[in-house]
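**Student:** Structure in structure tokens, see below.
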Amino acid sequence: MKTSRRTFLISSIGVASTLALTRTAFAADPVKVPESDPTAQALGYKLDASKVDKAKFTRYAAGQDCGNCSFYQGKASDEFAPCPMFANKLVASKGWCNAYNKKA
């Protein structure tokens with residue numbers, strides 16, 4: 001099969017742009033959920049479970065944290081991992097929110 005210079009250049013540009021976009025997508029740092037995030041405020045998310053307002057969030061019990069929640073998408077030993085409650089942004093393993101559900 002004979003390839004023209006024009007076909008080669010067009011293909012090369014397509015491959016190069018795809019690689020650049022892929023690299024940019026993977027190079028972006030994952031976003032950690034700040035306590036000031038509107039969803040975080042609605043769910044009572046705290047980076048440190050020991051700082052949960054126990055009067056406001058009566059579901060909270062000592063020993064509950066994101067690291068042992070069924071929604072936490074990392075190992076309990078990971079400092080931060082994605083959570084579907086926050087559009088897969090990163091939450092702290094030692095954090096807590098009102099959507100807490102004990103991991104089976």
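**Student:** Does the stretch 30-92 come out rounded, prolate or oblate by the C-alpha gyration tensor, with a ≥ b ≥ c the root eigenvalues, rounded set by a/c under 1.5 and, if not, prolate when a/b is larger than b/c and oblate if not? Walk me through the numbers before you get to the answer.
**Tutor:** Values: a/c = 1.95, a/b = 1.24, b/c = 1.57.
Oblate is the answer for the stretch 30-92, as a/c is 1.5 or above yet b/c matches or exceeds a/b.
**Student:** Additional query: How much length is gained if the chain between R59 and V31 is pulled fully straight, taking 0.36 nm per residue apart and subtracting their Cα-Cα distance, in nm to one decimal?
**Tutor:** Numbers: separation 28, 0.36 × 28 = 10.08 nm, distance 2.68 nm.
Result for the pair: 7.4 nm of gain on full extension.
**Student:** I would also like to ask the following. Over the stretch 30-92, what is the mean sequence separation of C-alpha contacts under 8 Å (at least six apart), divided by residue count, expressed as relative contact order in percent? Could the numbers behind the result be given before it?
**Tutor:** Values: 72 pairs, mean separation 20.3, N = 63.
Relative contact order of the stretch 30-92: 32 percent.
**Student:** Residue by residue through the stretch 31-38, which ³J(HN,Hα) values in whole Hz follow from phi under the Karplus form 6.51 cos²θ - 1.76 cosθ + 1.60 (θ = phi - 60°), with glycine and proline marked x?
**Tutor:** So the J values, rounded to whole Hz, are 8, 8, 6, x, 4, 7, 4, x.
Computed from the coordinates by the stated procedures, all read-outs in this text should not be read as laboratory data. Predicted model, so just to flag it, every value in this text is computed and none were measured.
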